[in-house]
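Trainee: I'd like to ask you about the structure that follows.
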Amino acid sequence: MSSHRSLLFFIFFFLTSHSSVLSRILLETSVTTTSLLNVADSIHQTKNPSSFKLNQQEEQIQSPFSLKLHSRASVRGGVEHSDYKSLTLARLDRDTARVKSLVTRLDLALNNISKADLKPVTTMYTTDQEDIEAPLISGTTQGSGEYFTRVGIGNPAREVYMVLDTGSDVNWLQCSPCADCYHQTEPIFEPASSSSYQPLSCETSQCKALEVSECRNATCLYEVSYGDGFYTVGDFATETLTIGSTSVQNVAVGCGHSNEGLFVGAAGLLGLGGGLLALPSQLNTSSFSYCLVDRDSDSASTVEFGTSLPRDAVEAPLLRNHQLDTFYYVGLTGISVGGELLQIPQSSFEMDESGSGGIIIDSGTAVTRLQTGIYNSLRDSFLKGTSDLEKANGVAMFDTCYNLSTKTTIEVPTVAFHFPGGKMLALPAKNYMIPVDSVGTFCLAFAPTASSLAIIGNVQQQGTRVTFDLANSLIGFSSNKC
């Protein structure tokens, strides 16, 4: 009997004194260590990049205060690209520019540099009265146009495509007269045709909330600028927006007369960031959610305002940066591969007192960026679990690729994000093993960054409803809720 008690005591002592071992054992027993990837189905979706079109049989809007959400492919089609690999490379180029703009914006804030201090470039917004210089810039790189929505502008309402972007605050659209505008799907908006269009004066709270503004004839001019050679400049005004079946009056929007950017097709951008001028703040909503459909799909989902967290949502802390209120930071505690936590200290995922570090969730960034050390750990663990797969050469930012041309389905290590309280979001295999061409080359869809800022991108969010509970500072992830 005493020997039995001694054995129990020894087991108890061993487990409690080896907590890291215990945590890994518990993790492995509670998490599926592998996930199934349907290779054939993924390849099939790449075969016709020019065949995408809007799905006319879209799901019904669940709430009067919501918008339909479409992938870029379903709006633009694949006519710009001859094959899927060229489409992939174009996406990755846009993504690199996007990430650079986000990092630049944060760096400016951390170094207390105002965008008004940036040296102007030669791009001009010209009117009959005078010229306004637009600094280097860009809200357009910010919203590289991966997900679009249809929204009514003005009175009478005119529907246009707009990019939805959690990394931006200022709402804007291209306006006539156009000094310099990119091509968009619909005609350029004519402010004179709307009875609800009202220019804002320089003394209004909306004008004062702009990071960069100027005054001309007592009216407010806006500039959205970052540093990648794209910009939007014009008049700041209030206008009526029709969201679903609801008309919202006096929404502050930029009426851009000079614009340059990466998202050809959209009329402009709706900012879903955390700032005062972003749409959620102007709508005075306590929450909003979106679900990003597969980027190679012609189906649609919704972005909804005023929605509560679903009961089955995996909850995580929603954090803010006191240096920059636009971005939504998530309280991540760890990442696991194949059921085992990476040996990365939790502090590596946290923002410090200066506002540096941390990880944001972003609708406009495609590929999740992790600090180089964290990425290397994830990649090396993934490689160990895929040693039986044929390797392929890297593609663009991806250094871990495979030749799956002879495969129909495969099992790969499960990648999961971990949050406080033992909560976990396991990603479907198709959200991190993605095709880069139509002949069977797949790559691990994570990338390293030298920046202190990490980003959870939209490839990893696909098929998951992400709810931002602003009132309670929570983010919820609900799988298969599109």
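The values are calculated or read from the model by the stated rules, or taken from the named source; none is laboratory data. Not measured: the values here are computed from a predicted model. Note that we place each Cβ from the backbone using ideal geometry, even for glycine, and neighbour counts take in every protein chain shown. Note: accessible area is taken over every heavy atom of the protein model, side chains too, but ligands, DNA and RNA are not part of it. Shrake-Rupley method; radii C 1.70, N 1.55, O 1.52, S 1.80 Å.
Trainee: Does the range 191-310 come out rounded, prolate or oblate by the C-alpha gyration tensor, with a ≥ b ≥ c the root eigenvalues, rounded set by a/c under 1.5 and, if not, prolate when a/b is larger than b/c and oblate if not?
Mentor: Verdict is prolate for the range 191-310.
Trainee: Semi-axes of the equivalent ellipsoid of the range 380-442: what are they in whole Å, largest first, if each equals the square root of 5 times a C-alpha gyration tensor eigenvalue?
Mentor: They are 24, 12, 12 Å, listed from largest to smallest.
Trainee: Over the range 398-482, what is the relative contact order in percent, taking alpha-carbon pairs closer than 8 angstrom and at least six residues apart?
Mentor: Taking the mean separation of contacting Cα pairs over the length of the range 398-482, I get 24 percent.
Trainee: Given axes a ≥ b ≥ c from the Cα gyration tensor, I'd like to know whether the range 159-208 is rounded (a/c under 1.5), prolate (a/b larger than b/c) or oblate.
Mentor: oblate
Trainee: Rg and Dmax of the range 325-476, using alpha carbons, in Å: what are they?
Mentor: Calculated on Cα positions, Rg and Dmax stand at 15.7, 51 Å.
Trainee: Which percent of the accessible heavy-atom area of the range 408-482 goes to carbon and sulfur, probe 1.4 angstrom?
Mentor: Carbon plus sulfur share of accessible area: 53 percent.
Trainee: Which value, in debye to the nearest 20, gives the size of the charge dipole of the range 328-482 about its Cα centre, when Lys and Arg are +1 and Asp and Glu are -1 at the Cβ?
Mentor: Dipole magnitude for the range 328-482 comes out near 360 debye.
Trainee: Once you order the gyration tensor axes a ≥ b ≥ c over the Cα atoms, which shape class does the range 289-405 get: rounded for a/c under 1.5, otherwise prolate or oblate by comparing a/b with b/c?
Mentor: Cα axes put the range 289-405 in the oblate bin.
Trainee: Let me ask something else about it. So for the pair residue 396, residue 155, with labels modelled 7 Å out along Cα→Cβ, what separation do we get in nm?
Mentor: Inter-label distance under the simple model: 4.4 nm.
Trainee: Using the Cβ atoms and a cut-off under 15 Å, what net charge is assigned to the surroundings of residue 204, where Lys and Arg are +1 and Asp and Glu are -1?
Mentor: That sum, taken over residues with Cβ under 15 Å, equals -2.
Trainee: Still on this structure: Relative contact order, percent, of the range 253-302 when contacts are C-alpha pairs under 8 Å separated by at least 6 residues?
Mentor: After rounding, I find 16 percent.
Trainee: Please give the per residue accessible area of the range 276-335, computed with a probe of 1.4 Å over protein heavy atoms only, in Å².
Mentor: Spelled out: the 1.4 Å probe surface of the range 276-335, per residue, equals 34 Å².
Trainee: Under the definition of Cα pairs under 8 Å and six or more residues apart, what whole-number percent is the relative contact order of the range 215-343?
Mentor: Over the range 215-343, the number comes to 13 percent.
Trainee: Translational D (Stokes-Einstein, µm²/s) of the range 150-238 at 25 °C and 0.890 mPa s when Rh comes from the Kirkwood sum over C-alpha pairs?
Mentor: D, rounded to a whole number, is 173 µm²/s.
Trainee: Report the extension gain between residue 299 and residue 480 in nm, rounded to one decimal, defined as 0.36 nm multiplied by the number of residues separating them, less their alpha carbon distance.
Mentor: That pair, residue 299 and residue 480, stretches by 63.8 nm at full extension.
Trainee: Sorted by mean Cβ packing within 10 Å, highest first, what order do the peptides 164-177, 351-364 take?
Mentor: 164-177, 351-364
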